[in-house]
Amino acid sequence: HRDLCNFNLINNAISYVNFVNDDTYLKLSRANNSLYEFLLPNEQKPDDMPIISHTVVKADVRGSTGIVNEMKSQGMNPATNFSLNFFDPITSILSRFGAFKIFIEGDAIILALYEHESQPQNWYSVARACGLAMSILLVVQRYNRKNVASRLPLLEIGIGISYAGSAPTFFFDEDNRIMISPAINQADRLSGCFRPLRDNTALKQSPFNVFVYEIAAADRKASAGQYVRYNVNGIELSDDAFEKLQKEIQMQRLELKAPGAEDEPHQLYVGKFPTVSGTSHQLVVRQAPLPIMSLGNLEVTGTTGRHYYEVCTNPALLRYIKDLR
């Protein structure tokens, strides 16, 4: 009777074990951390360690259609110009921040930074994503200088950074790995820009590049979402990303009147982050109150008591903070 009970227990346990020998299932299971592999320490590569969290960066280019049409009208090849002056330079700097290209969606590029188990020396995915976003803006500025010389429209970009404290899901299209993550959708929203706000002259003259508003309750039925944002050559961090950033690096909180916006004090967080090579770079994040806006007249009608976060890139502001410290 005892042996029969043990036999039934073993049979029941074995039914939960699936021995995989198909290459497709092995690839999918390994990529999504659902494969149990019993390897010796010297057999496991660092890059094969399970992903425990990830950060997504989306850079959304605006106005590219107009630039393409104008270049074509002048007999120029826009595809070569975008590749050599935008996508290729971005690809060349990814390794400095430990980032990977997920995919290119038209004129937008989506990147990811992974944090692996047992590699705490590389758990700086949000900080390095901020540094990568700042470098992407430098690429755009260099591209715009060429556009000025060629009398072409300037390129505008909006960048969103989102963090997820879990591993993404991976699919495969033959040998191409496809990543699925809610962080991609959130980064997409953060990189967007509400067209009526994009034409606001007062916002363009500010030393800051990101402004977020919650839509008034009476106007939400006419809107596709709960928030509208101005993001022109700016970098917005999600709430989760800012919380993770504070765990990655030590940040000093400053309250000061920024050059070009002396009407009120601003809350800034200042710190330094390491690149993959070990060099340190300054990082400044602005914490701004989230107001309520009426879509009818685009006027602020109240406040929510919550905040949004912007990675500051204004040169005058960064120099001012550097001199303070």
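The values are calculated or read from the model by the stated rules, or taken from the named source; none is laboratory data. Everything numeric here is computed off the predicted structure, so don't read it as measured data. Backbone-built Cβ (ideal geometry, glycine too); neighbour counts: all protein chains shown. Calculation scope for accessible area: heavy atoms of the full protein, side chains included, ligands and nucleic acids excluded. Shrake-Rupley method; radii C 1.70, N 1.55, O 1.52, S 1.80 Å.
Within the same chain, lysines fewer than 8 places from Lys322 are excluded, and of the rest, those with a Cα less than 21 Å from its Cα are Lys257, Lys272.
Determine the calculated [θ] at 222 nm for the chain from helices alone, applying -39500 (n - 2.57) to every DSSP H run no shorter than 4 residues and normalising by the residue count; nearest 500 deg cm²/dmol.
-10000 deg cm²/dmol
Here the contact order of the chain, divided by its residue count and restricted to Cα pairs under 8 Å and six or more residues apart, works out to 17 percent. With bins 10 Å wide beginning at 0, the percent of Cα pairs of segment 157-239 falling in each bin runs 16, 38, 29, 14, 4. Annotation: segment 226-325 has a Kirkwood hydrodynamic radius of 15.1 angstrom, from the mean reciprocal C-alpha pair distance. Amide H contacts for Ile102 (H built 1.01 Å from N in the peptide plane; partners 5 or more residues away or on another chain; cut-off under 5 Å): Ile110, Leu111, Ala112. For the peptides 153-159, 105-111, the ranking by mean Cβ contacts within 10 Å, running from highest to lowest, is 153-159, 105-111. Remark: spin-label model distance Ile52-Phe100 equals 1.8 nm, labels positioned 7 Å along the Cα→Cβ axis.
Charged side chains reduced to their Cβ positions (Lys and Arg at +1, Asp and Glu at -1) give segment 27-165 a dipole of some 560 debye around its Cα centre. Sequentially through segment 181-193, phi angles give Karplus couplings (6.51, -1.76, 1.60; θ = phi - 60°) of 7, x, 5, 5, 5, 5, 4, 4, 5, 5, 7, x, 8 Hz, Gly and Pro residues having no value and appearing as x. One entry in (i) 1.14; (ii) 1.19; (iii) 0.96 is Cα Rg over 2.2 N^0.38 Å calculated from the shown coordinates; its label is (ii). Take the chain with all the other protein chains still there, run a 1.4 Å probe, and you get 56 Å² of accessible area per residue.
Each Lys or Arg adds one and each Asp or Glu takes one away; over the other residues whose Cβ falls under 12 Å from the Cβ of Pro274, this sums to +2.
Between Leu154 and Ala316, what is the FRET efficiency for a Förster distance of 22 Å, r being their Cβ-Cβ separation, to the nearest 0.05?
The pair Leu154/Ala316 has a calculated efficiency of 0.65.
Residues whose amide H lies under 5 Å from that of Thr301, counting only those 5 or more places away or on a different chain, are Ile292, Met293, Ser294; hydrogens are built 1.01 Å from N in the peptide plane. In units of the compact-protein estimate 2.2 N^0.38 Å, segment 220-259 shows a Cα radius of gyration of 1.68. In the chain, the portion of solvent-accessible area held by carbon and sulfur atoms comes to 51 percent [1.4 Å probe, whole percent, DNA, RNA and ligands not counted]. Taken one residue at a time, the phi angles of segment 141-149 give Karplus couplings (6.51, -1.76, 1.60, θ = phi - 60°) of 5, 5, 5, 5, 4, 5, 5, 5, 5 Hz. Gly and Pro are set to x.
The order of Glu70, Glu262 by accessible area, most exposed first and with a 1.4 Å probe, is Glu262, Glu70.
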